[in-house]
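Participant: Dumping the structure here so I can ask a few things about it.
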Amino acid sequence: MAFQTATMTQLETSVACMMKVFDTYAGKEGKPDSLTKAEVKALLENELPGLLKNQEDLDKLFKELDFNGDGEVDFNEFMVLVASITCVCHGRPCKK
Ligand SMILES: [Ca+2]
């Protein structure tokens, strides 16, 4: 799906931003289509400051995000994080 930047709606812009943020960080090291732990850390520290308080938080979150247990966070796994945060911010937490 491609967006026409000149006529993008708010939601389209948001979706494009999420893809761009993921790609920017995923491309830093290792595979370009998934986030290593270092990339997750950099992404969260820069894009969601305040979410992580310490290394323990990162370890816990990374473990929770890595559903398929391959040691990396792919786009689907990243979207679960974004969706969860969005739900919490909107006051409608996801049921586990
Ligand atoms: Ca994974």
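The values are calculated or read from the model by the stated rules, or taken from the named source; none is laboratory data. This structure is a prediction, so every number in the text was calculated from the model and none was measured. With ideal geometry, Cβ positions are generated from the backbone for all residues, glycine too; neighbour counts draw on all protein chains shown.
Participant: Kindly indicate the residue of the range 74-92 that is within 11 Å of SER34 (Cα to Cα) and out of contact with any Phe, Trp or Tyr (no Cβ under 7 Å at 6 or more places or on another chain) and also surrounded by the fewest Cβ atoms within 10 Å (Cβ to Cβ) among those meeting that condition.
Facilitator: Here the residue is ASN76.
Participant: For the range 20-60, how many residues are among the β-branched types (Val, Ile, Thr) and more than 24 Å from PHE3 (Cα to Cα)?
Facilitator: Narrowing the range 20-60 to residues among the β-branched types (Val, Ile, Thr): 21, 24, 36, 40.
Subset that is more than 24 Å from PHE3 (Cα to Cα): 36, 40.
So the answer is 2.
Participant: Let me ask you something else. Quick one: in the range 63-75, of everything that is over 15 Å from TYR25 (Cα atoms) and of a type outside the set (Asp, Glu), which residue is nearest to the ligand (Cβ to nearest atom)? It would help to see each step written out before you state the result.
Facilitator: Within the range 63-75, the first condition is being over 15 Å from TYR25 (Cα atoms), and the residues that meet it are 63-71.
Those left that are additionally of a type outside the set (Asp, Glu): 63, 65, 67-69, 71.
Values: LYS63: 11, LEU65: 7, PHE67: 6, ASN68: 5, GLY69: 7, GLY71: 7 Å.
Among residues in the range 63-75 that are over 15 Å from TYR25 (Cα atoms) and of a type outside the set (Asp, Glu), the one nearest to the ligand (Cβ to nearest atom) is ASN68.
Participant: Across the range 38-62, which residue is modelled with the lowest pLDDT among those that are out of contact with any helix residue (DSSP H, G or I) (no Cβ under 8 Å at 6 or more places or on another chain), of a type outside the set (S, T, N, Q) and more than 16 Å from the ligand (Cβ to nearest atom)?
Facilitator: If we take residues in the range 38-62 being out of contact with any helix residue (DSSP H, G or I) (no Cβ under 8 Å at 6 or more places or on another chain), of a type outside the set (S, T, N, Q) and more than 16 Å from the ligand (Cβ to nearest atom), then GLY50 is modelled with the lowest pLDDT.
Participant: Give me the pairs, please: first residue somewhere in the range 51-77 and assigned to a helix (DSSP H, G or I), second residue anywhere and of a type in the set (Asp, Glu), beta-carbon distance under 8 Å, and either six or more positions apart or on two chains.
Facilitator: Listed pairs, sorted by first residue: LEU65/GLU77; PHE75/ASP33; GLU77/ASP66.
Participant: Here's another thing I want to ask about it. How many residues are under 12 Å from the mean Cα position of the chain (by Cα) and buried (at least 17 other Cβ atoms within 10 Å of the Cβ) when one looks only at the range 38-71?
Facilitator: Selection size over the range 38-71: 9.
Participant: Any idea which residue in the range 20-36 is farthest from the ligand (Cβ to nearest atom), counting only those that are assigned to a helix (DSSP H, G or I) and surrounded by 15 or more Cβ atoms within 10 Å (Cβ to Cβ)? Can you show your working first?
Facilitator: Our first condition is that a residue be assigned to a helix (DSSP H, G or I); within the range 20-36, this holds for 20-26.
Keeping just the survivors that are surrounded by 15 or more Cβ atoms within 10 Å (Cβ to Cβ) gives 21-22, 25-26.
Numbers: VAL21: 17, PHE22: 13, TYR25: 15, ALA26: 12 Å.
So the residue we want is VAL21.
Participant: Is it the case that LEU11 is part of a loop (DSSP other than H, G, I, E, B) and either away from the ligand (no atom under 15 Å from the Cβ) or free of Cβ contacts under 8 Å to residues at least 12 places away in the same chain (or both)?
Facilitator: On the way: part of a loop (DSSP other than H, G, I, E, B): no; either away from the ligand (no atom under 15 Å from the Cβ) or free of Cβ contacts under 8 Å to residues at least 12 places away in the same chain (or both): yes.
Here the answer is no, as LEU11 does not meet what is asked.
Participant: Do you know which residues across the range 37-52 are in contact with a Lys or Arg (Cβ under 8 Å, 6 or more places away or on another chain) and among the polar types (S, T, N, Q)?
Facilitator: none
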